[in-house]
Every structure is written in structure tokens, then in C-alpha cells.
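The values are calculated or read from the model by the stated rules, or taken from the named source; none is laboratory data. Just so it is clear, the structure is predicted and the values come from calculations on it, not from any experiment. Positions of Cβ are generated from backbone atoms using ideal geometry, with glycine treated the same way; all protein chains shown enter the neighbour counts. These accessible areas exclude ligands, DNA and RNA; they are computed on the full protein's heavy atoms, side chains included. Shrake-Rupley method; radii C 1.70, N 1.55, O 1.52, S 1.80 Å.
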Amino acid sequence: KKISGNLFYTFDNGINTYYTYSRGSYQSPLSRNVYTEYGVSTIGAGYNLPYNTRVDITVDYDHVTDNNSFFLTLQIPFGNKWETKLSAYNSSDLGNEFRGRIVRNDIIDYQNVNSSLELASVYSDSRNETINEAYGQISAAADKFRAGANMYTNSDGNYGVSGNLSSSQIITNQNIHFINQRSDAYAIVDSDIKEIVPDGNEAYGFV
């Protein structure tokens, strides 16, 4: 069982704020009679600074374990394709973590293609080590399909790759049409006008 609520408010000076609350319980997969209670509150605020710089602050509080965490992110763009993200994380049970990221957007400059590459370095004082990470993603939308791929790797030797491809087909008694969207219903209209309407007016299209 679960109950949750969300509140959003934007101040006149441009600060965006939100509050979320979630409480409930879930059953342990190892026992039918053991339930784990949880309750979490999250408060967040974001503000756009000059030169398209943005700062976000998030505070989490666990009502069950009495643990709390604080997350600060500063996003600084450099032109239209480069940006850097600096973040600091503090948790009452996990300690501090600092992350620096450089992001390059639109690596492939092609219509209907979104791509990015992110290099990050993460330091955690609980583990007393620094881990370097790399993220890559690409997605494309064509007339007949949608596709995407994601990549991750880090200096610990962990890595992962995932991808997706989707297409829908409209089958008629004359042809098969491939499209990139899904719908509950489809219509195909042959608007190839081969004759002029008897009154002399041409048909320009169909709705």
C-alpha cells in the first residue's frame, strides 16, 4: 500500500519549489507476513541564474529511519552544446559525495537525432575513493521507426549497454505502411487528385 502527494509552487522571482511525501509498506518477497514500512519527504528548489546557469537544492528526510540527505547541483552551460554540472551530496548515513561532470550535447549534428556524451568524476568519503564514469546516449526518430541506445562504463570495470527499436505497421489489402507512432486507431487517406472536380474547383486536401 502507498499514499503520496505532491505540491508545486513558483515564486514571482522565478524560484521553482516542490514538496513530495510518500508513505506506505511493502511485503518482503521472502516472507508473506513481514512488511517493511517507509515514509519519505522531499523538498526541492531551483533557480535560473544569469547566463543560463541553474542551481537546484534537494533535501530528503526518511521518517522511518530518521535519516536525511542534502543534494546541491550547479549547472553551467558553455555555448549551445557544452555544459558542466557540479554537485555535492551529504547523507546522514552514507557521508559525503562530490561529482563533477562535463556534458557534450548534439554530438551527431543531424535532424531528428539527439545525442550526448558525459564524462564524470565522483569522490565518496565513505569509500575514500574516486571513480571516473562515462555516459553516452543517442536517439533518433524517422518516419518509419524510433530507436535509441545508452552506454555506461566506469573505472571499476563496470559497464552496460542498452538499446530500443520501435515501429508500427498499418496493414491494408494493398500495402503495409511503417510508421514511428502508436495509436488506438489509424486512417489512411489517398489524396492523390487525378481529376478536377466538375464545378472547376480543385481539391487541396482532406481532413
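Summary of computed values
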quantity: Positive minus negative residues near GLU83 (Lys, Arg vs Asp, Glu; Cβ under 13 Å); calculated: +3
quantity: Charge sum, other residues only, whose C-beta stays under 11 Å from TYR26's C-beta, Lys/Arg counted +1 and Asp/Glu -1; calculated: +1
quantity: Rounded if a/c under 1.5, otherwise prolate or oblate - the chain, Cα gyration tensor axes; calculated: prolate
quantity: Accessible heavy-atom area order of VAL59, VAL161, VAL103, highest first, probe of 1.4 Å; calculated: VAL161, VAL59, VAL103
quantity: Protection proxy ranking of 81-87, 23-29, 44-50 - average other beta-carbon atoms within 10 Å, highest first; calculated: 81-87, 44-50, 23-29
quantity: Exposure of ARG101 as accessible area (Å², to 10), given a probe of 1.4 Å and all protein chains; calculated: 50 Å²
quantity: Nearest-10 value in Å² for the accessible area of PHE178, using the 1.4 Å probe; calculated: 100 Å²
quantity: ³J(HN,Hα) computed for each position of segment 132-144 - Karplus, 6.51 cos²θ - 1.76 cosθ + 1.60, integer Hz, glycine/proline x; calculated: 9, 10, 9, 10, x, 8, 8, 9, 9, 10, 10, 5, 10
quantity: Local net charge near HIS63, Cβ-Cβ under 13 Å (Lys/Arg +1, Asp/Glu -1); calculated: -3
